[in-house]
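The structure appears right after this line, and notes come after that.
What follows is calculated from the coordinates using simple rules that are stated; it is not laboratory data. Source: prediction; values computed, not measured. Note that each Cβ is placed from the backbone with ideal geometry, even for glycine, and that neighbours are counted across all protein chains shown.
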Amino acid sequence: MLNFRDCTLVLLEEKFGLIPDSLAKSDTLHSWLDGQADILDWEKLVLSKLQYKLILNVHDWNEAELMQNFIGPVFALVDYTTNKFNLFGERKFGGMVDGIEMSGKPDGMIASGFRLPEKPYFCFQEYKRFKDPEGDPAGQCLAPMLVAQEINEHKHPIYGCHVIGNVWYFMVLEGKSYTISMGHLATREDIFEIFCILKVLKEIITDLVGLES
């Protein structure tokens with residue numbers, strides 16, 4: 001049994017033969033990050049208020065406070081709750097990847113299903129500090145993405161994101177190749193780009209769920 005919390009990029013690359021791809025080569029990640037979505041004036045106002053709170057507190061918040069006061073409200077503003085998929089937090093799931101059993105509780109995931117997660121499409125991991133003695137947030141995010149890929153029978157890319165303090169990194173897994181974006185700073189104008197990327201993600205997942213229904 002391999003727990004998501006114990007996973008690092010080095011461990012996953014060694015066990016599963018994963019290959020880190022350059023940002024320039026990933027059409028899927030570019031398509032996601034470059035996607036267009038409208039941000040309404042009232043959404044900009046809410047984001048600015050959340051950003052102000054983040055700027056004041058990011059160096060002092062623990063993980064729970066960062067999630068409750070900033071990350072959670074940003075996800076809620078996008079609104080991933082539909083009758084076909086939903087945003088779930090710390091739900092345990094697992095599966096077999098290349099003969100190795102893996103499981104854990106990602107900080108968040110978007111999956112088909114309303115009351116219970118079924119097929120996960122997006123995995124999320126959050127950390128307070130850039131250096132944390134308890135693990136590697138990129139690896140801890142990529143691990144459930146591998147299981148999600150198996151659950152979805154490798155039919156499409158799996159999406160992910162990990163947040164370290166005020167920096168958001170977006171991820172894509174396709175087969176044995178994964179790509180991680182450059183960091184987006186939520187304490188700067190990047191906050192609106194982050195929100196746009198999350199809105200585009202909702203459109204992507206809506207299309208994926210639609211293809212399976």
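Which of the pairs LYS49/LYS176; LYS25/LYS155; LYS92/LYS176; LYS25/LYS84; LYS15/LYS53 have their Cα atoms more than 30 Å apart in this structure?
LYS49/LYS176; LYS25/LYS84; LYS15/LYS53
Which of VAL58, HIS154, LEU201 sits farthest toward the positive end of the charge dipole of the range 2-212, with +1 on the Cβ of Lys and Arg and -1 on the Cβ of Asp and Glu?
Value computed over the given set: VAL58.
Name the residues whose placed amide hydrogens come within less than 5 Å of the amide hydrogen of TYR178, ignoring near sequence neighbours (fewer than 5 apart) on the same chain.
ILE19, ASP21
Given R₀ = 25 Å, FRET efficiency for MET96-LYS176 by Cβ-Cβ distance, to 0.05?
Details: r = 16 Å, r/R0 = 0.64.
E(calc), rounded to 0.05, equals 0.95.
With the cut-off at 1.5 for a/c, could you classify the range 34-100 from its C-alpha gyration tensor as rounded, prolate or oblate? Working shown, then result.
Working: a/c = 2.46, a/b = 1.41, b/c = 1.74.
Cα axes put the range 34-100 in the oblate bin.
What is the spin-label model distance, in nm, from LEU45 to ASN57 if the labels are put 7 Å beyond Cα along the C-beta direction?
The two pseudo-label positions are separated by 2.1 nm.
Is the shape of the range 165-213 best called rounded, prolate or oblate, per the rule: a/c under 1.5 gives rounded, else a/b larger than b/c gives prolate, else oblate, with a ≥ b ≥ c the square roots of the Cα gyration tensor eigenvalues?
oblate
If you take every DSSP beta bridge fully contained in the range 2-212, what fraction is antiparallel? Give it as a percent rounded to 5.
Antiparallel bridges: around 70 percent, rounded to the nearest 5.
Please sort by residue number the GluC sites (Glu not before Pro) in the range 1-48 whose DSSP state is loop and whose Cβ has at most 16 other Cβ atoms within 10 Å.
Those that pass, being in a loop and sparsely packed, number zero.
Could you tell me whether the range 131-213 comes out rounded, prolate or oblate from its Cα gyration tensor? Rule is a ≥ b ≥ c as square roots of the eigenvalues, rounded for a/c under 1.5, then prolate if a/b exceeds b/c, otherwise oblate.
Because a/c hits 1.5 or more and a/b fails to exceed b/c, the range 131-213 counts as oblate.
Go ahead and collect, in residue order, the members of the range 81-111 whose backbone nitrogen is under 17 Å from a label point 7 Å along the Cα-Cβ direction of GLU150.
Answer for this model: 92-106.
What residue among PRO20, MET145, ASN83 has its Cα farthest toward the positive end of the dipole of the range 2-212, where the charges are +1 on Lys, Arg and -1 on Asp, Glu, each on the Cβ?
ASN83
Between 0 and 90 degrees, rounded to the nearest ten: what's the tilt of helix 137-151 against the longest Cα principal axis of the chain?
It works out to around 60 degrees.
The chain: longest stretch without exposed trypsin sites (Lys or Arg not before Pro) (DSSP loop, at most 15 other Cβ within 10 Å), sites themselves excluded? Spell out each step's value before the answer.
Working: sites that count: LYS84, ARG91, LYS92, ARG115, ARG129, LYS131, LYS155, LYS176, ARG188.
The longest uninterrupted stretch comes out as 1-83.
Can you compute the charge dipole magnitude of the range 2-212 about its Cα centre, using +1 on each Lys and Arg Cβ and -1 on each Asp and Glu Cβ, nothing else charged? Give it in debye, rounded to the nearest 20. Present the calculation step by step, with values, prior to reporting the outcome.
Details: 20 positive and 31 negative charges, 74 e Å.
Once rounded to the nearest 20, the dipole reads 360 debye.
Taking Cα centroids, how far is the range 185-213 from the range 83-100 in Å?
The distance from the Cα centre of the range 185-213 to that of the range 83-100 comes to 19 Å.
How large is the convex hull of the C-alpha atoms of the chain per residue, in Å³? Before the final figure, lay out the partial values.
On the way: hull volume 24.7 nm³, N = 213.
Considering the Cα atoms of the chain, their hull volume per residue is 116 Å³.
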